[in-house]
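Contents: one structure, followed by commentary.
Derivation of every value follows stated rules applied to the coordinates shown; laboratory data play no part. Predicted, not measured: the structure shown is a model, and the values here were computed from it. So basically every Cβ, Gly included, is an ideal-geometry build from the backbone, and we count neighbours across all protein chains shown.
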Amino acid sequence: MQRRRFLQQTAAASTLVGLGGLGMGSCSALGRKHITILHTNDVHSHIDPFPSTHSLYANLGGVARRAALVDQIRNENTNTLLFDAGDIFQGTPYFNFYGGELEFKLMSKLNYDAATIGNHDFDNGVDGLLAQVPNGTFDLLSANYDFSNTVLDGFVKPYKTYVLDGIKIGVYGLGIALDGLVTKRLYKETVYHNPYEIALDQERRLKEEEQCDLIVCLSHLGYDYEDTQRPSDTQLAQRTYHTNLVIGGHTHTFLDRPDVHTNLNGNSVLVNQVGAFGLNLGRIDFYFDSDKNASGNGVSISV
C-alpha cells in the first residue's frame, strides 16, 4: 500500500538551508530535531469515503481514515502540525444541509492547527463563514484578505507562530483574487491585496521580528498557470526570500511529492499540493541541526 510504503522509506529529499540533503534515516540517527507538517487542501465537504462503485476513487478518502492516519503519524512524532489550504466547503450535501458546521467540527476533532480561506469558503457569504467560526478550534489565516469592513473583522489572523521542541514555526495565509470567482454580495467589502507583496511583508515579519526558524505559507492561489502574471504557488516560491514551504490549494493538483524551487536568496523552497476531496494527506518532515539549519523532504499519502 502507498501508505505503508511511505512509512518505510524516504521520498523527495531536498536541502532547504545548508544541510546537504541528509535523509530521514541519517537525521534521525544523529538525533536531529524533527518537525512534521501534515496538510490537506480542497476537501470540499467530502466527509465519507468514495463509494465502491466510483470509477476513479473507489473506497478512497474519508475523514475517519484521515484521522487514523494523522493519529498514527502523531504517535511517531509528537512535534506535528496539521494545516489546510482552503476550500473546506462545497461539494457534497453535507455542506448544503449543515452549512459547514460538520466540516469545522470534524477538523476540530482532528486537531487542525490552522487553515487558510479558499474561494468556496465564501459560498454562504462572510456571514455564513462567521457562523461556523465557533465550531472550529483552529485558526483561520489570511494575510491578503482585509476583512476590516466585514463581520469577519477580528476573526481571521494574518499569521500564527508555533514552538515545537524549541523550533519556532511561522505560518501565514494567502487567498486568490475573489473578483470573478465569488459573487460580490457574498464577500461584500472584503479587500484583496497583491499576494506577492503581502508575502514579502509577512515573511520579513516572521523572520526578523518573530525570529522564526521555519516559515510556511498556506496558499489558495493555485499551483501554476500558463499566464505567469497570474499569482501562483510556484511563482510565490521564486519571489520570496524566507518562505521554506508553500502548501497549496485551488487547482486540485495531485503531486506525489513536493516540487523544489529556488527563492530570491538562492535557497530551496518546497511546494506541495495533494489534489482534492480528502483523497491524500501531505506529509513534510523537517530536520534541524544544532544551529537550527533545516533540511526537508515529503510525500503525499493515499488515505
- Restricting segment 246-262 to residues that are charged (D, E, K, R) and within 15 Å of the chain's Cα centre (by Cα), the residue that is farthest from Glu76 (Cα to Cα): Asp259
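Identify, please: which residue in segment 263-287 is hydrophobic (A, V, I, L, M, F, W, C) and over 19 Å from Arg74 (Cβ atoms) and is, among those, nearest to the chain's Cα centre (by Cα)?
Taking segment 263-287 as the starting set, the residues that turn out to be hydrophobic (A, V, I, L, M, F, W, C) are 264, 269-271, 274, 276-277, 279, 281, 284, 286.
Checking the rest, the ones that are also over 19 Å from Arg74 (Cβ atoms) come to 264, 269-271, 276-277, 279.
Working: Leu264: 22, Val269: 14, Leu270: 12, Val271: 10, Ala276: 12, Phe277: 14, Leu279: 15 Å.
So, considering only residues that are hydrophobic (A, V, I, L, M, F, W, C) and over 19 Å from Arg74 (Cβ atoms), the one nearest to the chain's Cα centre (by Cα) is Val271.
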- Scan segment 61-87 residue by residue and report those that are without any contact (Cβ under 8 Å) to a residue 40 or more places away in the chain, under 26 Å from Ile117 (Cβ atoms) and among the aliphatic types (A, V, I, L, M). Ala64
- Query: Among the residues of segment 40-86 satisfying the criterion of being acidic (Asp, Glu) and touching a Ser or Thr at 6+ places or on another chain (Cβ under 9 Å), which is farthest from Thr251 (Cα to Cα)?
  - Reply: Glu76
- Message: Go through segment 108-144 and report how many residues are part of a loop (DSSP other than H, G, I, E, B), among the polar types (S, T, N, Q) and within 23 Å of Gly248 (Cβ to Cβ).
- Response: 3
- Residue in segment 236-245 that is touching a residue at least 24 places away in the same chain (Cβ under 8 Å) and under 12 Å from the mean Cα position of the chain (by Cα) present: yes
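If you take the residues in segment 48-107 that are of a type in the set (Phe, Trp, Tyr), under 22 Å from the mean Cα position of the chain (by Cα) and not in a loop (DSSP other than H, G, I, E, B), which one is surrounded by the fewest Cβ atoms within 10 Å (Cβ to Cβ)? Working first, answer last.
First, pick out the residues of segment 48-107 that are of a type in the set (Phe, Trp, Tyr): 50, 57, 83, 89, 94-95, 97-98, 104.
Keeping just the survivors that are under 22 Å from the mean Cα position of the chain (by Cα) gives 83, 89, 95, 104.
Still in the list and also not in a loop (DSSP other than H, G, I, E, B): 83, 95, 104.
On the way: Phe83: 24, Phe95: 22, Phe104: 25.
So, considering only residues that are of a type in the set (Phe, Trp, Tyr), under 22 Å from the mean Cα position of the chain (by Cα) and not in a loop (DSSP other than H, G, I, E, B), the one surrounded by the fewest Cβ atoms within 10 Å (Cβ to Cβ) is Phe95.
Just to be sure before I move on: is Asp201 in a loop (DSSP other than H, G, I, E, B) and of a type outside the set (A, V, I, L, M) in the structure I sent?
Numbers: in a loop (DSSP other than H, G, I, E, B): no; of a type outside the set (A, V, I, L, M): yes.
In short, no.
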- Message: Tell me whether segment 52-60 contains one or more residues that are without any contact (Cβ under 8 Å) to a residue 40 or more places away in the chain and touching a Pro at 6+ places or on another chain (Cβ under 6 Å).
- Response: yes
- Residue check: is Tyr162 assigned to a loop (DSSP other than H, G, I, E, B) and surrounded by 15 or more Cβ atoms within 10 Å (Cβ to Cβ)? no
- Just one of (1) without any contact (Cβ under 8 Å) to a residue 12 or more places away in the chain; (2) in contact with a helix residue (DSSP H, G or I) (Cβ under 6 Å, 6 or more places away or on another chain) trips up Gly266, so point out which. (2)
